Amino acid sequence: MSDTSHGTYDAVVVGGGPAGATAAHALGSRGHDVLILDKSSFPRKKLCGGLVTWKTTQLLEREFGWNHESLGPEDGFEYSTPEYEVHFDGSTVKNGRSERPYYFADRRGYDAKLFEAAVSHETVDALEGAAVTDVDASTGVVSLADSSVVEGRYVVGADGAHSVVRNSLPGFDREAWGDNLAIATETFVPREAVDIDPDSLLVHLGFVNWGYGWVFPNRDRLVVGVGGLNRKNTDSFRTLLDRYFDRLGIDADASSAESRPIPFGNYLTEPTADRAMLVGDAAGFVDAMSGEGIFYAQRSGELCAHAIDRALGTGKSAPRLYTSYLDESVIPELRLSKLLRPLLWGGPSALRRPIIHTWGAALHRQWEELVHGTRLYRFLRKRGDPYHTTLP
Ligand SMILES: Cc1cc2nc3c(=O)[nH]c(=O)nc-3n(C[C@H](O)[C@H](O)[C@H](O)COP(=O)(O)OP(=O)(O)OC[C@H]3O[C@@H](n4cnc5c(N)ncnc54)[C@H](O)[C@@H]3O)c2cc1C
């Protein structure tokens with residue numbers, strides 16, 4: 001047992017994944033003292049399809065200085081392709097080519113690179129293998145499993161879907177959170193095991209309720225997974241993955257596949273309490289239609305850091321600023337993705353079939369733009385300067 005205090009920081013960031021690393025990097029680049037605490041050591045494993053869209057590459061460019069034209073293995077990227085296929089109930093909806101490529105990150109390498117960039121700032125410290133057990137939002141005191149403590153003028157909860165920081169906040173509604181959790185089950189399959197075109201991003205709608213199956217190409221392997229709203233599926237997700245293997249003609253066994261939760265429509269509109277602010281999965285910031293969470297993790301990390309920076313400079317309240325930034329940009333998108341998703345997932349197949357095929361025939365370009373972030377869910381309109389590229 002230790003009763004060590006690690007001191008006081010401008011911000012203690014709990015979790016060094018994409019959300020936490022982005023927040024810490026943005027704060028470090030503005031000269032603030034930051035401590036990142038992560039229960040794992042980087043590089044560490046993270047179950048994820050790794051699909052990264054254009055809006056994220058823009059963020060990587062402005063926050064980390066990574067040029068989107070040269071993203072490659074040294075940045076944790078496995079593959080990129082503009083090709084995609086969407087299938088519904090056994091028929092092809094769209095075999096398309098997007099104006100911009102889809103990137104596929106190996107989360108082990110990608111997260112390690114982001115973490116490395118964050119701790120490269122002189123003012124950013126990190127403790128790895130440091131599990132947080134409790135946060136007192138009113139004092140900013142963070143307690144660790146080894147009984148040590150650290151204090152932050154602000155505490156950033158970036159500790160993922162099972163967030164301890166979130167669970168420490170007063171008034172958090174666990175039941176509502178559980179209602180909108182998706183489960184995703186995924187595994188790697190060697191490329192040679194598959195008798196389909198493995199150079200496209202493949203999406204299969206129609207056999208997981210309120211969710212879908214995916215095949216994401218990597219250099220030497222494919223990421224194959226299924227995911228959907230937990231309460232809408234009675235079969236286990238391993239059973240659904242086995243069925244998906246059969247559909248794809250893949251001779252593989254889902255018993256070794258792993259499953260993790262994805263927040264899927266349970267975003268928190270006020271993810272703050274006193275000195276604590278939640279970012280990324282901890283706040284449920286995932287597109288409720290596609291399950292894309294990497295962008296929202298990094299975007300909320302960026303906005304949270306911006307709020308803390310302004311607050312430290314002006315004496316304003318960082319949580320209040322952060323909430324206003326979220327209201328301006330992130331929350332409307334998450335709200336609308338949740339509102340629109342019954343079109344894709346709800347109701348009987350016979351009703352959805354014409355909608356999905358109309359989308360494939362007439363609206364695929366708009367959809368590609370929505371995914372890449374050059375079009376917003378809000379007003380479904382295209383803006384010259386999409387919010388994704390600017391700070392408030
Ligand atoms: C199977 C699957 C497939 C997915 N596919 C995609 C995809 O293709 N594209 C996409 O955009 N999104 C995808 N997602 C979602 C995406 O993975 C998440 O939205 C994203 O990782 C969120 O980032 P984060 O930084 O908020 O959390 P995380 O990446 O989960 O990072 C949280 C960090 O906090 C640390 N931590 C946790 N608890 C503690 C604690 N108590 N103390 C200290 N540290 C702690 C963890 O070790 C971890 O490093 C997928 C998710 C799943 C499960």
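The values are calculated or read from the model by the stated rules, or taken from the named source; none is laboratory data. As the structure is a computational prediction, the values presented were derived from the model and not from experiment. Note: ideal-geometry Cβ built from the backbone for every residue, glycine included; neighbour counts use all protein chains shown. Accessible surface areas use protein heavy atoms only, side chains included; no ligands, DNA or RNA. Shrake-Rupley method; radii C 1.70, N 1.55, O 1.52, S 1.80 Å.
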Practice prompt. Give the cross-link partners of LYS338 among the lysines, using a straight C-alpha distance below 20 Å as the criterion and excluding same-chain residues fewer than 8 apart.
Written response: LYS55, LYS232, LYS382
Item to complete: Please report, in debye to the nearest 20, how large the charge dipole of segment 231-311 is about its Cα centre when each Lys and Arg carries +1 at its beta carbon and each Asp and Glu carries -1 there.
Response: 200 debye
Item to complete: On the full set of protein chains, 1.4 Å probe, figure out the accessible area of ARG97 and give it in Å² to the nearest 10.
Response: 140 Å²
Discussion item. Given Cβ point charges of +1 (Lys, Arg) and -1 (Asp, Glu) and nothing else, what value in debye, to the nearest 20, does the dipole of the chain about its Cα centre take?
Written reply: 1380 debye
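What is the gain in length, in nm to one decimal, between GLU116 and GLU74 on full extension, counting 0.36 nm per residue of separation less the C-alpha to C-alpha distance? It would help to have the intermediate numbers written out before the result.
Values: separation 42, 0.36 × 42 = 15.12 nm, distance 1.22 nm.
Taking 0.36 nm per residue and subtracting the Cα distance, the gain is 13.9 nm.
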Fill in: Summed side-chain charge close to GLU368 - residues other than GLU368 whose Cβ falls under 11 Å, Lys, Arg +1, Asp, Glu -1
+3
Discussion item. I need the calculated FRET efficiency for the pair PHE188 and ARG62, taking r as the beta carbon distance and R₀ as 25 Å, to the nearest 0.05.
Written reply: 0.20
Discussion item. Calculate the FRET efficiency for SER138 and LYS45 from the Cβ-Cβ distance with a Förster distance of 35 Å, rounded to the nearest 0.05.
Written reply: 0.50
Practice prompt. Whenever you get a sec, line up PHE104, PHE188 from highest to lowest accessible area (probe 1.4 Å, protein heavy atoms).
Written response: PHE188, PHE104
Worksheet, complete the sentence: Per the helix-only model, the chain has a calculated mean residue ellipticity at 222 nm (DSSP H runs of ≥4, -39500 (n - 2.57) each, divided over all residues, rounded to the nearest 500) of -9000 deg cm²/dmol
Worksheet item: Got a number for the accessible area of SER324? Probe 1.4 Å, square angstrom, nearest 10.
Response: 60 Å²
Fill in: ASN209 versus ASN95: modelled label distance in nm, points set 7 Å from Cα along the beta carbon direction
3.3 nm
Worksheet item: What is the sum of charges around ASN209, taking Lys and Arg as +1, Asp and Glu as -1, for the other residues whose C-beta is under 10 Å from the C-beta of ASN209?
Response: +1
Fill in: segment 20-67 and segment 105-127: distance between their alpha carbon centers, rounded to Å
7 Å
Discussion item. Using a 7 Å offset from the Cα along the Cα-to-Cβ direction at both ARG353 and GLU128, what is the distance between the two label points in nm, to one decimal?
Written reply: 5.3 nm
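When the chain is fully extended, how far beyond the present Cα-Cα distance does ASP235 get from SER147, taking 0.36 nm per residue of separation?
Details: separation 88, 0.36 × 88 = 31.68 nm, distance 4.15 nm.
So the chain would gain 27.5 nm between ASP235 and SER147.
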Worksheet item: Excluding same-chain residues fewer than 8 positions from LYS45, which lysines have a Cα within less than 19 Å of its Cα?
Response: LYS113
Worksheet, complete the sentence: Between ARG365 and ILE196, Cβ-based FRET efficiency (R0 30 Å, step 0.05) works out to 0.75
Worksheet entry | Ranked order, ARG107, ARG320 - accessible area, probe 1.4 Å, largest first | ARG320, ARG107
Fill in: Percent carbon-and-sulfur accessible area, the chain, ignoring ligands, DNA and RNA, probe 1.4 Å
48 percent
Fill in: Value of D in µm² per second that Stokes-Einstein yields for the chain, Kirkwood Rh from Cα pairs, at 25 °C (0.890 mPa s)
115 µm²/s
Worksheet item: Counting only DSSP beta bridges with both residues in the chain, what percent are antiparallel, rounded to the nearest 5?
Response: 65 percent
